[in-house]
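The values are calculated or read from the model by the stated rules, or taken from the named source; none is laboratory data. All values derive from a computational prediction rather than experimental measurement. Cβ: placed from backbone, ideal geometry, glycine included. Neighbour counts: every protein chain shown. Surface accessibility is based on the protein's heavy atoms, side chains included, excluding ligands, DNA and RNA. Shrake-Rupley method; radii C 1.70, N 1.55, O 1.52, S 1.80 Å.
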Amino acid sequence: MSAAAQDFLRRAAEKSADLLHRQTIRRGIDSYDAAVGRGRSRFSDWQAARERAFRIKQEAVSHLDQYLLRFEQNIQARGGHVFWAADAAEARNYVLDLAQRKQVKRIVKSKSMVTEEIHLNETLEKSGLEVWETDLGEYIVQLRNEPPYHIVTPAMHLTRTQIADLFQQKIGGVTSDDPPGLVAIARRKLRQAFFSADMGISGANFLVADAGMVALNTNEGNGRLCTTLPRIHVVMAGIEKVIPRLQDLATLWPVLATSGTGQHLTSYCTLIGGRRAAGEVDGPEEFHVVLLDNGRSELLADPEQREVLHCIRCGACLNACPIFRNVGGHAYGTTYQGPIGSVLTPHLRGLEFSHLSFASSLCGACTETCPVKINLHHHLLENRRDAIAAGARPWTERMAFRVWRWVMASAARFRFFGWLGKTGLRMVNALGLTGTALDPLRKWSKYRVPPELPAASFRQIWKESYAGK
Ligand code: SF4
């Protein structure tokens, strides 16, 4: 078993036994579910909207080369710079080099999962730059020195009391755990950073090819401050973020907001075309877009799994997933958590993360909720198949399946092993070994009550009920 798989199992066991943690995220997801229900009801036909969003992303991903080039030409025509980063190192080096050449000291960031994916903050901070996350949830987890817990709600695992304690410890001046008061403290602190930053880094929700615009959605207004106040603005985006036309936002913006937070639209829907133009009073002097590949081209070349690039990072599949609801975001140990993370991460970081495809009940709730109709649970199965073909599973598991196949291939063997298992379980229960060191199912029964075994098996009942009929 890989080290990543062992870490995942350890963290998942800890978190699923942590009732406060489960209660906190359950509360968050319950209010999300209610908001999303209301949000979807505002559409005259939610399924038709999903279908339209799917078609837009399918068209974009099928012609990614053309749309990306069109986007690049439009940005360059307005004096912007576009850098194509093949991997994380190239993207990090470009931003670091730019910051050093331009004598940047302080950077403010709007939420960007791509920068998490390439660990940009660590690189910049190691080189002596000051980096401020300005999305409130991101700011909170940055103060805790933690990665985001969830791709949309990074501090979802924390109660307001925990946040109040954190602010008191790191900033001071906390008088209660009242949310507006806590927001005011963060706001005051972040304002100082906005007004003194030399560089703003943002993500992109969409890159609009025909208009050459970056579409950005936020709820706190921090995105607009990051992208207009500092003298340099850098956009970091995966290549899959491109969409063909400006009018596609009429579908994608409401679909994203509804699935992400249950809103009809996010509070701030911003379109950014480049640096400050002649005669304009605000905006950056320089504008850069970093287009990150980092394994996405390989995914594009895979006709089976290409549609994973349709993802608009709404986070809905995480909230719907029974595994995520129990183990939470940090257990995954990856930038992207939940079903989309389990599908995507083995492609971005290798088969060492193939265990995540097995962390699923395959209930299909993720596929059902995905606003761009990605067949997530089917891709989890494909990843499992690929991991087995590549020998990335433990030998014990491979052996267990061979034995299982041998048992299932014969009615007599199936009967015998069924009897053996039943008798063994009865003995464990009768001797009261459950949960003790002598319990052969100890790991399993640590947090679960073993089921009562029925007096008669299905085969016995069948025989008795239908004997002679
Ligand atoms: S896979 Fe679908 S549901 Fe999950 S984050 Fe992406 S778009 Fe949202």
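Structure notes:
- Order by protection proxy (mean Cβ within 10 Å, highest first), peptides 386-396, 137-147, 264-274: 137-147, 264-274, 386-396
- Over the chain, the hull volume per residue, using the convex hull of the C-alpha atoms, is 193 Å³.
- Between T228 and A412, the contour length at 0.36 nm per residue exceeds the Cα-Cα span by 58.8 nm.
- Rounded to the nearest 0.05, the FRET efficiency derived from the C-beta distance between S31 and S457 at R0 = 56 Å is 0.80.
- Nonlocal amide H pairs with M213, under 5 Å, H built at 1.01 Å: V208
- Full extension of the chain between Q66 and W46 gives 4.2 nm of extra length, using 0.36 nm per residue less the Cα-Cα distance.
- Over 18 Å [Cα-Cα, the range 247-307], rounded percent: 65
- Spin-label model, K443/E382: points 7 Å from Cα along the beta carbon direction are separated by 3.0 nm.
- In this simple spin-label model, placing a label point 7 Å from the Cα along the Cα-to-Cβ direction at both A400 and R191 gives a separation of 5.8 nm.
- Residue separation of D210 and S297 scaled by 0.36 nm, minus their Cα-Cα distance, works out to 29.1 nm of gained length.
- Ranked by the mean number of other Cβ atoms within 10 Å of their residues, highest first, the peptides 3-14, 414-425 fall in the order 3-14, 414-425.
- Total charge dipole magnitude, the chain, about the Cα centre, Cβ charges on Lys, Arg, Asp, Glu only, Debye to nearest 20: 1620
- Helices in the chain, meaning DSSP H runs of at least 4 residues, each add -39500 (n - 2.57). Divided by all residues, the mean residue ellipticity at 222 nm is -16000 deg cm²/dmol.
- Cα gyration tensor shape for the range 46-297, rounded if a/c is under 1.5, else prolate or oblate: oblate
- Each of A215, Q76, G432 was placed along the dipole of the chain (beta-carbon charges, centred on the mean Cα), and the one lying farthest toward the positive end is G432.
- Label-point separation in nm, A86 to E464, each point 7 Å along Cα→Cβ: 7.0
- Residue-level accessible surface for M427, protein heavy atoms, 1.4 Å, Å²: 110
- Rounded, prolate or oblate (a/c below 1.5 giving rounded, otherwise prolate when a/b exceeds b/c) for the range 396-466 by Cα gyration tensor: oblate
- Evaluated over the range 1-110, the Cα radius of gyration and Dmax, each in Å: 22.3, 56
- Where no second cysteine Cβ lies under 4.7 Å, the cysteines concerned in the chain: C226, C269, C311, C314, C321, C363, C370
- Magnitude of the charge dipole, the range 46-297, Cβ model with Lys/Arg +1 and Asp/Glu -1, debye to 20: 480
- Alpha carbon convex hull of the range 118-236, volume per residue in cubic angstrom: 118
- Placing R0 at 60 angstrom, the Cβ-Cβ distance between D282 and L431 gives a FRET efficiency of 0.20 after rounding to 0.05.
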